[in-house]
Every structure is written in C-alpha cells, then in structure tokens.
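Novice: Handing you a structure now.
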Amino acid sequence: MIIRKSFKFENAHIVRGCSSQRCRASIHGHSYIIEILFESNFLDNGQMVYDFGLMKQNMKELIDSFDHAITLWDGDDKEYLEDMKKHSSRWVQLPVSPSAEQFSRVIFVMINELLKLTSMVNGEKEVRLNSVIVHETATGYAQGFEADAYSELMGKIDPEKIVFSDAVRADWHDPELWEKIKKGNHFINPKTV
C-alpha cells in the first residue's frame, strides 16, 4: 500500500544550464507542492501505513527549510553565492542545481536518511519511502525514486554538502537536526502527536 502526504513551500532559484533563458539567467520563484509517498505491506496498530501526524515533526521541518528561502547550487559563481547569502537570511545550498528533478532527489535523500534513523513505536513495519514528487508549477512536476536519489549518473547528493543558513536552522525545534541526521543519531517517534 502507498500513502501520500503533501507539503508546500515558496522558494526562489536559478537553474543554470537549462534551455529556458528566463530560468537560467534570472532569479525566479515557484509555489512548490511536495508529495512524500511511503509504502509498506503492513499496517500499524491504528491500521495505517504511517500516521500522517508523525510527518508533521522532523520531516515537515526539513521540507519547510526551503520556504521563503533561496536555494543555491554550490557550483554556481562564487560572487553570486556570496551576494545571495549576504542579502537573504534564509538560504539552502545544495551540491546539485535546484531543478525540480534535483529537488525531488535531495528531498528524497533527506527524508530517507531521517526515516532510516527513526524507531517506530506504534507497530509500523517495513515503512519505506517510495518516491518524492515535486510540483514546481501547476502543470509540471518531477518524481524521484530511490534509484534516482542515489544515482551517480545524475550527480551525487552528498548530505554533507547540503547546508542550511542559520536563519533556517533557528526555525527548527532542534537547530542541530540536520547535523544529527548526518552523524547518524537515532530518533524515536513520539507515542502520541
């Protein structure tokens, strides 16, 4: 069975190297809708694959990190990167260009790493992240699966190279959330939300 949870954020970016002149040469924004799809052959004590309320914790915070922020590619012009960081308190820097396709891969890696480190306490079994869908516009989206997220052919997504600004981290319940995920710290789902 597959379940799906949607999240939203507003974000700005430039997608260098793409065919569209406007997209590769000008900062522009989108109203993103992110869909996280989980799957399992089992149901928990509440007869659910995974309680949607549990996704409103760390998962939502990670996705919300992109809201009202600019997403930067670490391979972009250094002067541009410095200026954007100077003029925007909320930014996220990625090791890949922030296209919809790469957003789906990055968010997959972030959520999957968190999920692997999370102990479930309500009878959940074999819950897996199926895919991440990133709606960049009302008519266009990208869907990334595990093989895509960890594909060397599409550019390695090294979690160490995903960097959140101080302002983004300050909004988390634990400003060290991403550092703890990268270090492999263990998380336990709450018994109730």
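Laboratory data are not the source of any read-out in this text; all were calculated from the coordinates shown. Quick caveat, the model's predicted, so the values are computed rather than measured. Cβ placement follows ideal geometry from the backbone for every residue including glycine, while neighbour counts extend to all protein chains displayed.
Novice: Can you list the residues, at least 5 places off or on another chain, whose amide H is less than 5 Å from the amide H of Val49, using H built in the peptide plane?
Specialist: Asp44
Novice: Can you return the lysines within cross-link range of Lys180? Criterion is Cα-Cα under 17 Å, with same-chain partners fewer than 8 residues away left out.
Specialist: Output for Lys180: Lys60, Lys116, Lys161.
Novice: Gap in Å between the Cα centre of region 68-94 and the Cα centre of region 150-179?
Specialist: 14 Å
Novice: Please give the calculated 222 nm ellipticity per residue for the chain, where each DSSP H segment of at least 4 residues contributes -39500 (n - 2.57) and the sum is spread over every residue; nearest 500 deg cm²/dmol?
Specialist: Estimated from H runs of four or more residues: -7500 deg cm²/dmol.
Novice: Tell me which residues come under 5 Å, amide H to amide H, from Ala69 once H is placed; ignore anything under 5 positions away on its chain.
Specialist: Ala12
Novice: A follow-up question, please. Each residue of region 140-145 in order: what ³J(HN,Hα) in whole Hz does its phi give by Karplus 6.51 cos²θ - 1.76 cosθ + 1.60, θ = phi - 60°, with x for Gly and Pro?
Specialist: Running phi through 6.51 cos²θ - 1.76 cosθ + 1.60 with θ = phi - 60° gives x, 8, 10, 10, x, 10 Hz.
Novice: Next question, about the same structure. Assuming R0 = 22 Å, can you tell me the calculated FRET efficiency for the pair Asn112 and Ala138, based on Cβ-Cβ distance, to the nearest 0.05?
Specialist: Efficiency at R0 = 22 Å is approximately 0.20.
Novice: Given the Cα atoms of the chain, and with Rh set as the inverse mean 1/r over their pairs in the Kirkwood sense, what is Rg to Rh to two decimals?
Specialist: Ratio of gyration radius to Kirkwood radius for the chain: 0.97.
Novice: Still on this structure: Beta carbons within 10 angstrom, averaged per residue: use that to sort the peptides 141-147, 39-45, highest first.
Specialist: Highest mean packing first, the order is 141-147, 39-45.
Novice: Sticking with this one: Output the pairs from Lys5/Lys56; Lys8/Lys125; Lys5/Lys85 with a Cα-Cα distance over 21 Å in this structure; if there are none, say none.
Specialist: Pairs exceeding the cut-off: Lys8/Lys125; Lys5/Lys85.
Novice: Taking θ as phi - 60°, what are the ³J(HN,Hα) couplings along region 95-103 by the Karplus curve (6.51, -1.76, 1.60), each to the nearest whole Hz, with x for Gly and Pro?
Specialist: Ordered by residue, 3J(HN,Hα) equals x, 9, 5, x, 6, 4, 4, 6, 4 Hz.
Novice: Okay, next question. Which ³J(HN,Hα) values, rounded to whole Hz and listed in residue order, are derived for region 106-113 from phi using the Karplus coefficients 6.51, -1.76 and 1.60 in 6.51 cos²θ - 1.76 cosθ + 1.60 with θ = phi - 60°, glycine and proline given as x?
Specialist: Whole-Hz 3J(HN,Hα) from phi for region 106-113: 4, 5, 4, 4, 4, 5, 5, 4.
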